[in-house]
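Asks: Handing you this structure, nothing more for now.
The values are calculated or read from the model by the stated rules, or taken from the named source; none is laboratory data. Just so you know, these numbers come straight off a predicted model, no measurement behind them. Glycine gets a Cβ as well: all are built from the backbone with ideal geometry, and neighbour counts include every protein chain shown.
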Amino acid sequence: MSSLGFGLISAAVLAIATVGFTMQFAVTNVLNLAYGSIMINSAFVSYYVNQHGVTAWVALVGGVLTGAIASWLLNRFVYTPFQRRNLAPITVVIVSLGIDLMGTFGLQAIVGGGFVSFTQNQGSEYHFAGLLLSSLQLIIIGICAAVLVGVHGLLKYTRLGKAMRATSANRSLARNSGIKTNYIISTTWLISGALCGLAGTVFAMNAGVFEATSAQLYIVLLLAAMFLGGPGEPYGAMFGAITIGVATEVSAAYINPDYKDVIAFVVLIAMLMFRPFGIFGSEKTN
Amino acid sequence: MSVELSKKGQVLTATGLAAGYDGRAIVSDIDIEATPGKVISIVGPNGSGKSTLLKSLVGVVRVLDGTVKVGDTVITNTPSEEVAKIGVGYVPQIDDVFPPLSVKENLEIGGYLLARHEIRGRIDAVLEFFPKLKAMMSRKAGKLSGGERKMLAMGRVLMLSPSVLVLDEPTANLAPIVATQLLEEYIRGFADFGSTVLLVEQRAKAALRISDWTYVLGGGRVVLDGAPDDLAQNPIFIESFLGGGAATHAPKD
């Protein structure tokens, strides 16, 4: 039963991360494998703000801003110049993998290899439908719910959100309709980057202790959750994240916990083989 | 037309136009003019550059040489989001709607440049013109039939009250009866109202029937142009497009 509780929290963190990741991929057409390294860099910025006597929940804003700005800069100065050269899309994916390694090990070079943790208490514990959850964990679930509702509202009801969906569905036609797609894409990097920074910080808080390489395998969970729900499908991402989050933690209770990421990998490969457009995606995209 | 959907037209001209991909011209030496109140069609075999020509007029494909003008405004290589603002509505042949968005959302995106309070009124006007869409406002565009989808695609560009309509094979893949209705009722209707209509049409006979002037493209150049009646008598045109004995089926007026 406690593994279900852990699963729920992991799922909440993963849901925040995946919604940002899939939004980024859908609108910008960049499969940004550096997402995990931006998460952990953002977490470290939050951590340093926290070490200067700021409450962790306020320090989190530092992580959100770091994620947004780093993602925007990455697009502006790395991905866009590569995309302009009309290279095969795989080129940008490989570049992003390089950025991920530089981001992670660059961070390690700066902060060293040791584990750190936020200065905050876990809060009181609550019994909740048979689960034992700390107030930290409840806040993470609350943040996750707020993000999901917020992203839903953005995409469904705002002019910006509709323009993002239109750009994702058919960029050329979006431009024909008068949408400045470059502006929409830059804005998407900011929003999805903010979600990345937020996810990184709550990931680190939830982990308790973390180091520069803690999020290195996280991209596997992100890809599995995204492909489970269907690439570019924000609601699919929510479903995929919850399934993967719970499945990896619950399976860790029964098999060797070292293998829990393998479960995500198995799901990823199975989805790519049998239903690459996901459970919610339609076969014919674009 | 009961509602003012499109604006009175402006003249769309291309002079000495060459356009293509990666610096290589697919079409060249193109001189065409589309005038208000007229349907101007472009016909030609597959691969003759019809779509590339249209795309170069609306900023989708790069113009390598020559000039494109709407009225007195030069729009050569103007980004397509600006071309929409100037009043040119372009409906591509495929990928003409946003499949995951609902019909209503597609129309809202069509009216993206309008003020928030104008959008609803324009949607009502478009629905009055295409009443069939009314019953499917919350349906995803990807789930529509071919004819419904094309109506939505046209409805999307009408949201901005364009003065020039540029339509790339609007009847492709439509059932013949739907295609005829689209051409003779709606598309002819825009021109009769005073808009400028430039259209690529695969089926030469249908094109001649609704056009005021037709350009024939071959190998990326204009090889022939003229009024429908004259083209219908032209031996080269008959042989290439209408098959033998077409002179007896001369299109109406």
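Asks: Determine the pairs where a residue that is over 16 Å from B:VAL166 (Cβ atoms), located within the stretch B:87-106, has a partner that is of a type in the set (S, T, N, Q) and part of a loop (DSSP other than H, G, I, E, B) with Cβ atoms under 7 Å apart, the partner being 6 or more residues away or on another chain.
Replies: Between residues of the stretch B:87-106 that are over 16 Å from B:VAL166 (Cβ atoms) and residues that are of a type in the set (S, T, N, Q) and part of a loop (DSSP other than H, G, I, E, B), the close pairs are B:PHE98/A:ASN170; B:SER102/B:SER138; B:LYS104/B:SER138.
Asks: From the list A:LEU173, A:LEU133, which one is more than 14 Å from chain B (Cβ to nearest Cβ) and either of a type in the set (A, V, I, L, M) or over 21 Å from the mean Cα position of the chain (by Cα) (or both)?
Replies: Numbers: A:LEU173 fails: more than 14 Å from chain B (Cβ to nearest Cβ).
Testing whether each residue is more than 14 Å from chain B (Cβ to nearest Cβ) and either of a type in the set (A, V, I, L, M) or over 21 Å from the mean Cα position of the chain (by Cα) (or both) leaves just A:LEU133.
Asks: Given the options B:VAL68, B:VAL60, B:VAL103, name the one that is hydrophobic (A, V, I, L, M, F, W, C) and facing chain A (nearest Cβ under 9 Å). Before the answer, list the steps.
Replies: On the way: B:VAL68 fails: facing chain A (nearest Cβ under 9 Å); B:VAL103 fails: facing chain A (nearest Cβ under 9 Å).
When all the criteria are applied, what remains is B:VAL60.
Asks: Still on this structure, please answer the following. Residues that are buried (at least 22 other Cβ atoms within 10 Å of the Cβ) and of a type in the set (S, T, N, Q): list the strands (runs of 3 or more DSSP E) wholly contained in the stretch B:167-237 that include at least 1 such residues. Talk me through it step by step, then tell me what you get.
Replies: Working: elements: B:196-200, B:213-218, B:221-226.
Once the strands (runs of 3 or more DSSP E) in the stretch B:167-237 are filtered for at least 1 residues that are buried (at least 22 other Cβ atoms within 10 Å of the Cβ) and of a type in the set (S, T, N, Q), what remains is B:196-200, B:213-218.
Asks: Here's another thing I want to ask about it. So, in the stretch A:91-127, how many residues would count as being in a loop (DSSP other than H, G, I, E, B), free of Cβ contacts under 8 Å to residues at least 40 places away in the same chain and of a type in the set (Phe, Trp, Tyr)?
Replies: Adding up the residues that qualify gives 0.
Residues are listed down the side, and each one gets a yes or a no for (1) closer than 30 Å to A:LYS156 by Cβ; (2) crowded, with 16+ Cβ neighbours inside 10 Å; (3) not aromatic (Phe, Trp, Tyr):
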site: A:GLU233; (1), (2), (3): yes, yes, yes
site: A:ALA237; (1), (2), (3): yes, yes, yes
site: A:GLY240; (1), (2), (3): yes, yes, yes
site: A:THR243; (1), (2), (3): yes, yes, yes
site: A:ALA252; (1), (2), (3): no, yes, yes
site: A:ILE255; (1), (2), (3): no, no, yes
site: A:VAL266; (1), (2), (3): no, no, yes
site: A:MET271; (1), (2), (3): yes, yes, yes
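Asks: Output the residue which, of all residues in the stretch A:230-244 that are within 14 Å of chain B (Cβ to nearest Cβ) and part of a helix (DSSP H, G or I), is modelled with the highest pLDDT. Before you say what the answer is, go through the steps one by one.
Replies: From the stretch A:230-244, those within 14 Å of chain B (Cβ to nearest Cβ) are A:230-236; that's our starting set.
Filter again for part of a helix (DSSP H, G or I), leaving A:234-236.
Details: A:PRO234: 78, A:TYR235: 81, A:GLY236: 87.
The qualifying residue modelled with the highest pLDDT is A:GLY236.
Asks: Criterion first (away from chain A (no Cβ under 12 Å) and farther than 20 Å from B:LYS38 by Cβ) does B:GLU148 satisfy it?
Replies: The answer is yes for B:GLU148.
Every residue, every condition in (1) outside any loop (DSSP other than H, G, I, E, B); (2) free of Cβ contacts under 8 Å to residues at least 24 places away in the same chain; (3) touching a Gly at 6+ places or on another chain (Cβ under 7 Å), yes or no:
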residue	(1), (2), (3)
A:ALA215	no, no, yes
A:LEU228	yes, no, yes
A:VAL246	yes, no, yes
A:ALA252	yes, no, no
A:TYR259	yes, yes, no
A:ILE263	yes, yes, no
A:VAL266	yes, yes, no
A:LEU272	yes, no, no
A:ILE279	no, no, yes
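Asks: Oh, and also: Could you tell me how many of the residues in the stretch B:81-91 are at the interface with chain A (Cβ under 7 Å from one of its Cβ atoms) and surrounded by fewer than 22 Cβ atoms within 10 Å (Cβ to Cβ)?
Replies: So in the stretch B:81-91, the residues at the interface with chain A (Cβ under 7 Å from one of its Cβ atoms) come out as B:81, B:84-85, B:90.
Then keep just the ones that are surrounded by fewer than 22 Cβ atoms within 10 Å (Cβ to Cβ); that gives B:81, B:85.
Adding up the residues that qualify gives 2.
Asks: Could you grab me the full set of residues in the stretch B:85-98 that are within 17 Å of A:ARG171 (Cβ to Cβ) and out of contact with any strand residue (DSSP E or B) (no Cβ under 8 Å at 6 or more places or on another chain)?
Replies: Within the stretch B:85-98, B:ILE94, B:ASP95, B:ASP96, B:VAL97, B:PHE98 meet the criteria.
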